[in-house]
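Asker: Got a structure for you, written out below as structure tokens; questions coming shortly.
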Amino acid sequence: MQILAPSPAELTLGRAATPIAFIRAIVLGYRRRGMDPATALERARIPATALDDPTARVTAAQMEAMSGHAMQELDDEALGWFSRRLPWGSYGMLCRASLTAATLELALRRWCRHHRLLVDDLTLVFGHARGEATIHIVETRALGEMREFCLVSSLRYLLGYACWLIDSRIALNEASFPFPAPPHVDAYPHLFSGPLRFDAEAAGIRFDARYLALPPCRDERALQAMLQRALPLTVLQYRRDRLLVHSVRQLLCAEPGANHTAEALAARLNLSVRTLHRQLKDEGVSLQRLKNEARRERAIRLLLQTRRPVKQIAAAVGFDSEKSFARAFRDWTGCAPSRFREGDGAGAG
């Protein structure tokens with residue numbers, strides 16, 4: 001597979017936020033193998049003198065170019081973190097093994113389980129309790145000077161893939177790290193949204209467990225395209241959050257008889273009304289559309305699974321009259337409620 005790299009014009013575009021400490025860790029991987037990193041540094045347009053400046057930063061494109069070249073030159077996608085190499089394609093295999101999962105939870109469980117087959121220097125542990133999902137790292141070997149870069153990258157690879165898989169931002173409740181805050185701590189918010197905790201017992205992330213129920217929305221073709229530029233996933237921050245639409249739908253379906261005003265729903269979701277409408281707009285839907293979808297699904301279910309009169313069903317899904325319900329139902333399905341019931345939904349749009 002051809003791997004696309006940033007063009008020379010892209011390398012210095014954007015904010016230089018990646019700490020030089022991460023570049024030094026890649027250079028250390030070269031030196032441990034007795035190899036020269038000069039070509040990789042040159043490809044990324046990173047002067048060797050910057051390695052001695054602890055305040056230096058590089059752009060995301062420079063980091064991508066440096067990492068991508070090093071992974072192929074070292075034939076190690078882990079860039080020297082582990083006691084054995086991860087040959088080119090190892091993380092692609094992890095992605096592919098999780099691609100067909102029915103939910104994000106199953107995909108994450110597969111990733112953690114299969115990661116253990118690749119390395120034994122650390123273990124990724126998935127947890128789900130009290131409405132919160134957790135992934136933490138158990139270190140089974142001293143990682144030495146590579147420790148920070150290894151732990152940060154391991155979590156970001158997994159988080160970046162998870163966001164890509166469900167095409168959604170995953171808002172973190174916390175990202176924790178088992179070392180003091182480094183001098184370049186200002187770079188961490190670019191990698192992990194949400195609160196940060198240092199000097200923790202283990203590296204890990206915590207987030208709302210409702211994300212786990214979201215289904216993946218990628219296929220093999222999308223995976224092939226992503227793998228050509230996979231490294232940007234380590235810094236990509238998604239704006240859209242599919243959990244909001246999922247949460248609104250759950251509230252609408254759980255309480256079909258309630259008066260679901262924007263104010264009431266926003267209060268249940270701990271949002272302002274303005275934020276609710278804005279975030280739904282970012283998702284390409286409106287609250288009214290979600291309400292109509294919920295009414296439609298409930299109406300269809302009542303028509304097909306009960307013998308209640310159409311007039312009662314109209315009232316149950318929030319219509320003032322049977323006539324207005326019938327008009328809306330024809331817009332939804334292309335036929336009248338009674339005809340839909342007689343045909344068991346055949347021909348419905």
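The values are calculated or read from the model by the stated rules, or taken from the named source; none is laboratory data. Quick caveat, the model's predicted, so the values are computed rather than measured. In this analysis, Cβ positions are derived from the backbone assuming ideal geometry, glycine residues included, and neighbour counts consider all displayed protein chains.
Asker: Can you name every residue in the range 155-192 that is surrounded by 17 or more Cβ atoms within 10 Å (Cβ to Cβ) and either part of a loop (DSSP other than H, G, I, E, B) or among the charged types (D, E, K, R) (or both)?
Answerer: R156, S168, R169, I170, F177, P178, H184, L191, F192
Asker: For the range 123-148, how many residues are closer than 21 Å to R113 by Cα and either in a helix (DSSP H, G or I) or among the charged types (D, E, K, R) (or both)?
Answerer: 3
Asker: Taking the range 100-119 as the region of interest, how many residues are of a type in the set (G, A, S) and part of a helix (DSSP H, G or I)?
Answerer: Within the range 100-119, the first condition is being of a type in the set (G, A, S), and the residues that meet it are 101-102, 107.
Now restrict to residues that are part of a helix (DSSP H, G or I): 107.
Of the residues in the range 100-119, 1 are of a type in the set (G, A, S) and part of a helix (DSSP H, G or I).
Asker: For the structure I just gave you, tell me whether A61 is outside any helix (DSSP H, G or I), under 22 Å from the mean Cα position of the chain (by Cα) and either surrounded by 23 or more Cβ atoms within 10 Å (Cβ to Cβ) or at pLDDT 95 or above (or both).
Answerer: For A61, the condition - outside any helix (DSSP H, G or I), under 22 Å from the mean Cα position of the chain (by Cα) and either surrounded by 23 or more Cβ atoms within 10 Å (Cβ to Cβ) or at pLDDT 95 or above (or both) - is not met.
Asker: Still on this structure: Against the conditions (1) in a loop (DSSP other than H, G, I, E, B); (2) exposed (fewer than 13 other Cβ atoms within 10 Å of the Cβ); (3) of a type in the set (K, R), where does K323 fall short? Just the number, please.
Answerer: Every listed condition holds for K323 apart from (1).
Asker: Look through L223, L212 and report the one residue that is part of a helix (DSSP H, G or I), in the same structural domain as H69 (by TED's automatic domain parsing), touching a Lys or Arg at 6+ places or on another chain (Cβ under 9 Å) and at pLDDT 90 or above.
Answerer: Details: L212 fails: touching a Lys or Arg at 6+ places or on another chain (Cβ under 9 Å).
When all the criteria are applied, what remains is L223.
Asker: If you don't mind, there's one more thing I want to ask. Which is surrounded by 12 or more Cβ atoms within 10 Å (Cβ to Cβ) and on the phi > 0 side of the Ramachandran plot, of G284, G334?
Answerer: Values: G284 fails: surrounded by 12 or more Cβ atoms within 10 Å (Cβ to Cβ).
On inspection, the qualifying residue turns out to be G334.
Asker: Out of R278, R307, I need the residue that is assigned by TED's automatic domain parsing to the domain that holds P256, free of Cβ contacts under 8 Å to residues at least 12 places away in the same chain and under 21 Å from R330 (Cα atoms). Which one? Please lay out each step first, then the result.
Answerer: Details: R278 fails: under 21 Å from R330 (Cα atoms).
Within the list R278, R307, the selection yields R307.
Asker: Among the residues in the range 293-309, are any surrounded by fewer than 16 Cβ atoms within 10 Å (Cβ to Cβ), in a helix (DSSP H, G or I) and within 32 Å of the chain's Cα centre (by Cα)?
Answerer: First, the residues of the range 293-309 that are surrounded by fewer than 16 Cβ atoms within 10 Å (Cβ to Cβ): 293, 301, 304-309.
Adding the requirement that they be in a helix (DSSP H, G or I) leaves 293, 301, 304-305.
Still in the running and within 32 Å of the chain's Cα centre (by Cα): 293.
Within the range 293-309, one or more residues are surrounded by fewer than 16 Cβ atoms within 10 Å (Cβ to Cβ), in a helix (DSSP H, G or I) and within 32 Å of the chain's Cα centre (by Cα).
Asker: Is it the case, given these coordinates, that A78 is crowded, with 21+ Cβ neighbours inside 10 Å, touching a residue at least 24 places away in the same chain (Cβ under 8 Å) and assigned by TED's automatic domain parsing to the domain that holds A133?
Answerer: yes
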